[in-house]
Each structure stands twice: as C-alpha cells, then as structure tokens.
1. Hand me the list of strands (runs of 3 or more DSSP E) wholly inside region A:126-228 holding 3 or more residues that are more than 14 Å from every other protein chain (Cβ to nearest Cβ).
2. Return the residue satisfying two criteria in turn: it lies in region B:236-293 and is assigned to a loop (DSSP other than H, G, I, E, B) and charged (D, E, K, R), and of such residues it is nearest to the other protein chains (Cβ to nearest Cβ).
3. Failed condition for B:Leu91, given (1) at pLDDT below 95; (2) under 17 Å from the mean Cα position of the chain (by Cα); (3) surrounded by 21 or more Cβ atoms within 10 Å (Cβ to Cβ), with all others met?
4. In region A:232-255, what residues are under 18 Å from B:Pro5 (Cβ atoms), more than 8 Å from chain B (Cβ to nearest Cβ) and assigned to a helix (DSSP H, G or I)?
5. Check A:Gly288 against each of (1) crowded, with 18+ Cβ neighbours inside 10 Å; (2) more than 11 Å from chain B (Cβ to nearest Cβ) and name the one condition it does not meet.
6. Can you tell me which residues in region B:185-212 are of a type in the set (Gly, Ala, Ser), out of contact with any helix residue (DSSP H, G or I) (no Cβ under 6 Å at 6 or more places or on another chain) and in a helix (DSSP H, G or I)?
7. B:Ala81: under 23 Å from the mean Cα position of the chain (by Cα), away from chain A (no Cβ under 14 Å) and either in a loop (DSSP other than H, G, I, E, B) or in contact (Cβ under 8 Å) with a residue 24 or more places away in the chain (or both), yes or no?
Amino acid sequence: MDTIGTKKTFTLPRRSLLKGMAMSGAALAAPGIIGRAVAQSGDVIKLGAPFHRTGIGAAYGRWYERTALAAVKLINEQGGINGLPVELIIEDDGTDPKRGVEAVEKFSAEHKVDAIFGHLFSHVSAASAPRAGELKMPYFLCSEAHSLAAGAFNRYVFQPSISDVKSQVSSMAPWITDNLGKKVTMIYPDYAFGYDHRDNLTAAIKAQGGEIVGDIAIPPTETSYTRYLPRIPLNTEVIYHVLVGPGVLTFVKELGEHLGSQRPEIFGFIDSLEAVSFDIPQLAYLEGTHFWEAMPRYAQPNQTSFDKFYREKVGVDANGASVDDAKSVATFSHMFSVWETLFAMKKAMEMADYKGPKQKIAMLEAMESITGFEESNEFPQGRKIFNGKMHQSFAQQNISKVVDGKLKVVHTVSPEDTLYPDEADYTKMSF
Amino acid sequence: MDIVPYLLLATLEGLVQASVLMLTALGLSLVFGVMRVVNVSHGEFFMLGAVAAWVCANLIPGPPYVPFIAALLIAPVFVGALAWAADWAILKRINYNPEATIVSTIGLMYIIQQMTLITFGPDAQAVEAPFYHTVRFPWFGYSGYKFFIIAVAIVLVGGLLYLLRHSKVGLYMRATQFDKETAQNFGIPVTKVYSGVFAVGAMLAAIGGVLVVPSQQAHYLMGHDPLLLSFVVVIVGGLGSIPGTIAAAILIGMSDGLLSVFFSPTLAKIFSTLLVALVLVFRPQGLFGKAGR
C-alpha cells in the first residue's frame, strides 16, 4: 500500500485485515440475527415504536417511552392480546422526518412488526405515514396534527386517542373570545403543526367576531425569542402561544421579561410548558394566565380513579412529575395518547381475533367500526368519540388557569362540542 | 411599538449577539489565522462550554453566581485541555493538512456531539443566571444579565488583543501566522504554538457557551448555529484578521439584531449568508483581510 507523497509505507497484513473484516461483519449482522431469531410471527404480537429519543422532541420521546413500557407491562400482566404476549420494539427517530421513514421501513422489513405507533411531531409523521401506507403497515399516530382527519394520509393510519388541532382550537376559541378578549396575537411554531394552529385559530376567532392582530411564526429549532416579541401589537388583548422544541422554557421566560406587569391576557397551549417545571421566579408572571390541557397535569380535586391508576402505573405524582424525581416533569397532556392508543389497538385486535398479519385487514376494519371508548383505566383522559371514516378520535378538552403556581381546570369542553363535519372517508380507499 | 423602542430593543439584541459572536468567531479566526486549520468542530466547543456550565450548576452548591463563576473558569480549562488533546491526537498526526483537517474536525464534531448525547442526554437543560434582574424600559423589559454578557465579552476581547499585541506569546503567535518556517528558524516552538492556539480558540468558544447558557439552555445540538455564524463572520472579516473578525462580528450581530426585530430572523439569516456570497465574489480576502501572499 504505497501512497505517493508520504514518507512512511503503511502496510496492513492481509490475514489480520481479513480477520478484522470478518469480525466487524459479524458484529454488524448480529442485531439482525438476534432480531430474526426472536421474531417468529404467530407466538407474539410485535409493536414497533419509533419514539423521539433524541432531537428536538426528546422530552416527549422520553415520556412516550415510559408510558408505552408501563402500558405494555400492564397488557402482558393481563394476559396479553388474544393470549399472545406483546413485545415492544423501540427505535429512535431523532425527531427527524428522514429517520422516521427509515424507522418505519426497518420495523416493516427487519423486525416485521404487526403495527407501528407513537409518532408525535407532525413533520415526522407527515413523512412516515405515507410510507407506512405503501408498506401496508398499520400506523397509529400519537400526534395532534390535523392532516389525518383532513384526508392527507391513507387507510392504514389511525389517531384513536388524542384529538387533532382543529377540534382543539375550534372548541377553545369561543371561550377565549368570551372571557379573555377579541384581539388575538398568535405565536406558533413555523411548520405543519403550527400552521394547523394558525389556520384553525384564525378561522375560529373570526367566526366569533374576533380578530387576529398579530401573527408570529417561530422556527422550532430557535433558541432565542426576544427578537420576535416586538411584533406583538400594542392593541393585543390576548396572546395565544403554542411552542415546541428544546427552547420552550427560554421562550416563556423571555416572554415574561418582555411583557412585564402590563401584560395582556395570555392563553397558551400547554405544549409551551410540557416537561417544564414552572416554580421558578422568572415564570411567576404566568399566575392568572390560562392554558389548554388535554389531560390536567395537576391532579384535580375531582380526580377520577382512572387518572389515579394511570399516574400510579406510569410513575407520575399528583404534580405531573416523575415519582423518582420531582424536577422531571412529564409531557402529561400528550403521553396519555400512547397509553390509550395501545389499548385501542388491543381492542381492535381482540375484535378481529388478531393472531398475526393474516388478520391485518380484519383488525383495521374492526378499528374503523369502533364508535368510541368509555372513560376507564384504559382511557384515563376521558370518553372518546371515534370517527371511523376519518380515523380520528374526538375527546374532552380542558382550560386551566394558573392559580398559586399550579394549573387548575376552570372550563371543560365535552367530546361532542369538539366535532366538526367529516373531511375525509378512508373507508372508501382500498387496502 | 413606536420606532424608538423598536430601535432600542434591536440594538440591544444586536449587541448581545455581536458579543457572543465576537468570542466564538475570534476563536475560529485565531485557529485559522495561525494554523490554517478550518475547525468545523468549533461549535461543539461552544456547546461543551454551555454543558460544562450546567454541570457546574448541578455539582457546586451555593447561590447561582458561585457555580457560574466556577464555570467561567473551569469550562474553558476543560475544553481547552480537550482541544489540546485533539490537536495532539489528530491534527498533529495528519500534519495539519488542510483537506484532512476539515474532514477530521467534522469527525471530531460528531464524536463530541454524540458523546454529549450519551452522557448529558438529549434534553435541553436550563442554568440559572448568576443574578436575576430585569431592566425595565418604559416600553418593554430586558434581561439585565444580557448587559453582563456584553461587558464580559468586551473585557475578554480587549484582554486578548492586548495579549496578542504586547506579550511574548502574542509575538510568537503573530510570527507563526506571518511565516511558519522563518518563525521556526528563529527558535519559536511552532508545534507548541499550534497546540496552544487550538486550545485558546476552543476556550474562547467555551466562554461564549458559558455566557449564553443562562439566557438560553444547554442542548447537545446547540453548536450548529454559532458555528455557521462564526464562519460567516470570519469570512466577511477576512480569514485570520483579528480586527476584521471583531468588526464583522459587530456588523453581523447588529444587522442580525436589527433585521430580525424589524423584519424577521429568517431574513437576517438570508442577509448574512448573502453578505458572505458577495464578499466571496468581490473581495475574497474579506473586508479587512490582506490579499494572499
């Protein structure tokens, strides 16, 4: 191995090179071998979970994983699904659309899972859901994007637990204009999920006779926010904020610094504070502001036994933090969707007497035939109306007020009041 | 808001941005100027500074300013030592070959990023500011800590300039930058100067990271933006020119502040990259750089 221009001659004995290649080859192949050895279909139901372990969605990913593990443990303790144990296979998608698609492909080709669930960030699911359809792989979203209900995906994609942004926003808007003000400034992330908020809130506020006076889109990877805040017009009566990503704490801090004591009313989606503890002095200004919550982070005085059961199993205390570490706050308003989605899948599989991929179509049709879920240990967030045509659930919504540094539910919208006319009919599509 | 508060906020934001940029870009510029090494892992040294500040905040008890001051001292030393080791283990071995250093510092970037991901974790972590004070203008409030960032940056850059101009070490560095072979003939330990410069460059980035973390958060991917902006600054200012880097940092920082407040942060990024393109076309040596010898 002579290279022109270098003084030293670099040689590698052929034997050790071959040995090394063989060994690294074996090491690379090993996970595949093990995967296939365990992966005999028919004796186990395998569920693929592409979670956001790293990247901008990491806080959500960590809690999604924890919730999924707790739910699968419970399902297996109760005898699995149709007598078959459930095996959970987790892949990190880096909160990255490209890696999300790769995870779907890997689950399909290598792990040969029965179904995939657990994508949250809409730019990841927007890329992954079509691929899942192409691979004819049942794909359950734990995300709030409106794309599914709008008909953008395919017959293999479902959202059986968490409601979509359109139903959340349109059911919140009347309360906002009635109680907080009619001149609204929106602050939202600059991608699909944020646009769902922008478009639906604009329409909903206009329908209530209100007006959007400011419109501020912030890239989800942003780390500094002060420079966006002067664009909040002075005649703003309500600031509506929904932000995601690693910088949310900085965002709420800087919003407080910027506004000072003469702040307008503030209505935030809890996304801006998910996984963030707000008992720090810089966030004291949030006292008296309002938040949307899918599921109340703090156990309320009228806490259901289901909520209690769910917190206990996942290991979350009454303040929405980990029982092992009070500083580790959960993404409580989103992660229940993992729990409930798993039980929704279980129900559909039981209805179809699912034992393996042969009953895949029957399982999907069973899912489409479901009309709702009752509030229970399996559905601790509350009762659901499931629209089998749109593949979308409609659920109860909560508005909470910050009182003494805790979130107190002040208004609840029933699932019926979050409905809107059908926008899609997936049952007309072929499998 | 009226034009006055807008302008004030834009100026403040611009100054803060310029201060941090000045520190990180100077590190990059120094490394390129003296060693001719394009250090792609520079942003990771910045990130390590921020992470080190978080570690200090968690390990050192006392009111927030104690761990913060400790971090200002410990983080650069730690990051500098790491850079020294990287220089010894990698850059020296490949003889500072320009193409090879680019590829190897890209590798270094990923190694540091992934090691941080494994140890520090994927979450963004907040670090408490050494003091908490909001300066209240009639129209808006502004974090008092950000003024502190500006002050520290000015002091550090002043100190660095003084060191470069008036100390023996500075003389060594300037001599090495001017002509490596001649410097070596005059008995200047060029390899030691190289290691030292690489470490100092990393230390400047680390201080930038420590300063930024109380007003932002520590995150394993946070090195990306400072790296890009530092390259913008260094190219606009002239590779290796210290005064050029300082001037360009202020230019880019201020224009970024003004454009992002008056228009949008995205437009500010478009402007700074456009500026790079124009400089490369019409004045490839940079605004302050001397034409290649």
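1. A:139-141, A:183-189
2. B:Arg293
3. With respect to (1) at pLDDT below 95; (2) under 17 Å from the mean Cα position of the chain (by Cα); (3) surrounded by 21 or more Cβ atoms within 10 Å (Cβ to Cβ), B:Leu91 is out only on (2).
4. A:Leu255
5. Condition (1) is where A:Gly288 drops out.
6. Selection gives B:Gly196 alone.
7. yes
To keep it simple, each residue is scored yes or no on (1) under 19 Å from B:Thr176 (Cβ atoms); (2) surrounded by 24 or more Cβ atoms within 10 Å (Cβ to Cβ).
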residue	(1), (2)
B:Val4	no, no
B:Leu7	no, no
B:Thr11	no, no
B:Ser19	no, yes
B:Leu26	yes, yes
B:Ser29	yes, yes
B:Val40	no, no
B:Gly43	no, yes
B:Phe46	no, yes
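The values are calculated or read from the model by the stated rules, or taken from the named source; none is laboratory data. From a predicted model like this one, the values you see are computed outputs, not experimental measurements. In this analysis, Cβ positions are derived from the backbone assuming ideal geometry, glycine residues included, and neighbour counts consider all displayed protein chains.
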